[in-house]
Number of protein chains: 2
Amino acid sequence: MRLKDTGEFGLIQLFRKKFPSQNKKVVLGLGDDCAVIKASPQKLLLLTTDSLMEKVHFDTSYLTWEQIGKKSMAANISDMAAMGGEPISGLLSLGLPKRMETDYVLKLYSGINRMAKSFGFSISGGDIFLSDKVVITVSLLGEVKPSFLKKRSGAKEGDILCVTGELGESFAGLELLKKYRKLSRFPSDKKILDKHLNPLPRLKESRVLVKNLKVTSMIDISDGLLGDLYHILEESKVGAVLFEEKIPISKKISKISQHLKYSSLHYALNSGEEYELLFTIKKGNIESLKRLKIRISVIGEITNRVKRIEMIDKNGKVKALKKRGYEHF
Amino acid sequence: MRLKDTGEFGLIQLFRKKFPSQNKKVVLGLGDDCAVIKASPQKLLLLTTDSLMEKVHFDTSYLTWEQIGKKSMAANISDMAAMGGEPISGLLSLGLPKRMETDYVLKLYSGINRMAKSFGFSISGGDIFLSDKVVITVSLLGEVKPSFLKKRSGAKEGDILCVTGELGESFAGLELLKKYRKLSRFPSDKKILDKHLNPLPRLKESRVLVKNLKVTSMIDISDGLLGDLYHILEESKVGAVLFEEKIPISKKISKISQHLKYSSLHYALNSGEEYELLFTIKKGNIESLKRLKIRISVIGEITNRVKRIEMIDKNGKVKALKKRGYEHF
């Protein structure tokens with residue numbers, strides 16, 4: 001069997017099954033946004049890693065090296081946010097071609113460092129090696145108070161499903177970038193590209209959420225709303241129903257829909273790299289939710305129909321939805 | 001300027017200068033074997049990462065996937081040993097080609113896991129992505145008691161320079177593998193290949209050393225004795241004199257010198273990926289050293305001639321040596 005048949009998530013399942021965790025200090029291993037390690041009774045450590053590879057994850061024809069650096073750090077910070085934690089220190093492993101301009105590498109590092117700095121930490125170690133294409137692997141150490149730790153596995157039937165911000169722009173932006181290539185040829189307001197080019201992880205929002213609400217499960221949207229919701233459903237052994245009218249579709253993508261291939265709803269449901277937070281709370285928390293000064297939409301409810309995602313459309317009709325999480329292979 | 005001009009270590013120096021560490025919890029950033037983070041007054045955390053790339057770091061014509069997995073973990077564990085620490089948990093980022101056999105990936109993971117298991121921990125998270133060539137990045141979290149922490153920077157004039165084990169086999173083994181390619185064509189005892197094919201990090205030896213001696217600086221030999229000694233001299237702002245007759249040249253490579261290009265001494269001085277520990281101790285510790293049940297050689301002394309490596313040969317003649325640390329670019 002080859003990887004294109006096994007698939008990315010199939011491979012992770014094989015790893016989990018065949019090689020269970022060894023160290024008693026590891027509270028949570030493969031299968032969430034971060035690994036969780038018990039440092040002391042008062043503190044848990046979080047570990048996460050994320051790689052970007054030239055041509056696979058980014059294209060230098062429309063991203064600057066500084067933006068690529070920021071993106072590689074954003075993905076990791078977002079994983080910390082998804083678990084309610086805060087980053088302390090980062091490691092960087094860089095695969096670089098011999099002929100690459102040193103100045104570009106410094107811009108890349110500057111982007112990584114600037115994103116880290118804005119969240120109060122920096123890169124403290126790493127590795128550099130020769131590679132045909134640029135490979136950037138950031139690993140992050142973070143910490144979290146045990147009561148703030150949020151996993152994918154805590155959602156219960158009857159919980160309310162919420163999401164921060166607006167959805168769809170990252171996918172739509174990527175599609176426009178691929179279509180028009182050069183920014184100068186771009187047909188409309190370039191602000192729609194911001195979420196794809198300069199993503200901002202929701203670390204501060206995560207803090208507000210875990211401090212003020214009974215969050216029962218949480219994940220960041222890196223695989224798309226449906227893909228990441230499916231991860232929650234899988235790990236929590238529940239189902240979900242979405243209210244179509246409540247999905248926070250970005251107004252910007254609705255405006256330029258004539259340039260796009262799919263419906264706005266399709267982008268909102270399937271846009272990866274959004275780095276918004278998708279989470280569930282206890283039903284009784286709806287009033288507290290309204291008092292928070294963050295844009296949050298209540299988009300659905302948790303059901304007992306394990307791994308099933310349903311949607312109630314404008315006319316009250318229920319339909320089953322397929323998950324479409326991004327797979328590398 | 002391009003990377004081939006800046007060089008690997010030049011680039012790291014640029015990173016250190018331009019982007020200093022931000023977080024107060026980071027006690028030691030870029031430039032040692034691990035980053036050091038203060039978790040509590042009683043405990044320091046260690047972070048390290050190391051990547052292996054197909055064709056650059058390993059060749060599947062003479063290494064099995066299981067051996068490649070073990071090697072990728074060994075390098076990281078060795079970095080922990082070099083600082084006196086112990087690993088707790090690992091992260092794995094894997095770049096894999098679509099057409100790769102899933103079975104090979106499982107063998108690779110099994111090697112990684114087996115090496116980790118033999119030191120009491122395992123992989124607890126990671127990332128998988130599409131790549132033309134296999135890229136393996138292991139990141140490791142470890143811990144160390146503050147009094148056991150050993151840096152590259154603590155060597156003082158008059159300290160004694162020591163090394164564990166025997167030197168030269170990893171480089172000589174690699175050369176033989178490249179020359180004869182297939183193991184079946186191999187002209188002599190294959191045991192000489194063991195250090196290159198199945199390296200064993202000196203984690204247990206590190207423990208014995210930091211518990212029983214006043215170790216003033218320590219590093220693992222991944223760049224060769226001269227290259228890594230130079231790292232100690234740079235960070236400690238001292239020099240060193242080596243006694244040629246005391247260098248523990250592997251007897252195996254002396255035996256097959258007719259198949260090799262260089263002198264046995266050359267291999268012993270420049271063999272990377274040895275994963276032996278190179279360290280300095282206070283002069284008064286020589287008696288305690290002899291009582292330890294580890295093979296250790298006293299090979300030299302620390303001088304005040306900053307960054308100069310000298311060697312006293314069999315006839316008592318002093319000559320200056322050039323460092324030759326491996327650079328990727």
Report task. Add +1 for every Lys or Arg and -1 for every Asp or Glu among the other residues with Cβ under 10 Å from the Cβ of A:R202, and state the total. Result -> -2
Query - Pairwise label distance in nanometres, A:I294 with A:N315, each label 7 Å out on the Cα-Cβ vector - result: 3.7 nm
Query raised in the report: On average, how much area does the Cα convex hull of region A:160-321 cover when viewed from any direction, in nm²?
Result: 9.7 nm²
Requested in this report: Note down, for region A:135-244, the three equivalent ellipsoid semi-axes (square root of 5 times each alpha carbon gyration tensor eigenvalue), biggest first, whole angstrom.
Outcome: 31, 18, 13
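Cβ under 13 Å from B:S264's Cβ, B:S264 left aside: what net charge do those residues give with Lys, Arg +1 and Asp, Glu -1?
-1
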**Report entry** Rel. contact order, % - alpha carbon contacts under 8 angstrom, at least six apart, chain A
**Finding:** 22 percent
Query raised in the report: So, counting K/R as plus one and D/E as minus one, what does the shell of residues with Cβ under 10 Å around A:E234 add up to?
Result: +3
Query - 3J(HN,Hα) from dihedral phi, region A:286-292, Karplus parametrisation 6.51/-1.76/1.60, rounded to Hz, x for glycine, proline - result: 4, 5, 4, 4, 5, 7, 6
Query raised in the report: Under a point spin-label approximation (7 Å from Cα along Cα-to-Cβ), what is the B:K214-A:K322 distance to one decimal in nm?
Result: 7.1 nm
Report summary line: Shortest first and in nm, the label-point separations between B:K156 and its counterparts in the other identical copies (7 Å out along Cα→Cβ) come to 6.1
Report summary line: Taking R0 as 56 Å and r as the Cβ-Cβ distance between B:Y180 and B:D5, the FRET efficiency 1/(1 + (r/R0)^6), rounded to the nearest 0.05, comes to 0.95
Report summary line: Filtering trypsin sites (Lys or Arg not before Pro) in region A:245-329 by DSSP loop and by at most 11 other Cβ atoms within 10 Å leaves A:K261, A:K293, A:K314, A:K317, A:K322
Query - At most 13 other Cβ within 10 Å, DSSP loop - trypsin sites (Lys or Arg not before Pro), region A:1-61 - result: A:K24, A:K55
**Report entry** Stokes-Einstein diffusion coefficient of region A:3-146, Kirkwood radius over Cα pairs, 25 °C, 0.890 mPa s, in µm²/s
**Finding:** 150 µm²/s
Requested in this report: Could you please state, rounded to a whole Å, how far the C-alpha centre of region A:1-56 is from the C-alpha centre of region A:238-306?
Outcome: 27 Å
Report summary line: Here the Cα Rg-to-2.2 N^0.38 Å ratio for region A:89-145 is 1.22
Query raised in the report: Put a point 7 Å out from Cα along the line to Cβ at B:S40; what are the distances to that point in the other copies, in nm, shortest first?
Result: 0.4
Query raised in the report: So what is log10(I(q)/I(0)) for chain B at q = 0.09, 0.12, 0.13 1/Å, when the Debye sum runs over its Cα atoms only?
Result: -0.48, -0.87, -1.03
Requested in this report: Along Cα-to-Cβ, 7 Å out, sits the label point; list in nm, shortest first, how far the one on A:N304 is from those in the other copies.
Outcome: 8.2
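Using alpha carbons only, what's the Rg to Rh ratio of the protein assembly as shown with Rh from Kirkwood?
Across the protein assembly as shown, the Cα-based Rg/Rh ratio is 1.01.
Rounded to the nearest 0.05, what FRET efficiency do B:K307 and A:R99 have when you use their Cβ-Cβ distance and R0 = 35 Å?
Efficiency at R0 = 35 Å is approximately 0.70.
The numbers here are math on the coordinates, done by the rules we state, and not lab data. Fair warning: this is a prediction, and the values are worked out from it, not measured in the lab. FYI the Cβ positions are ideal-geometry reconstructions off the backbone, even for glycines, and counts take in every protein chain you see.
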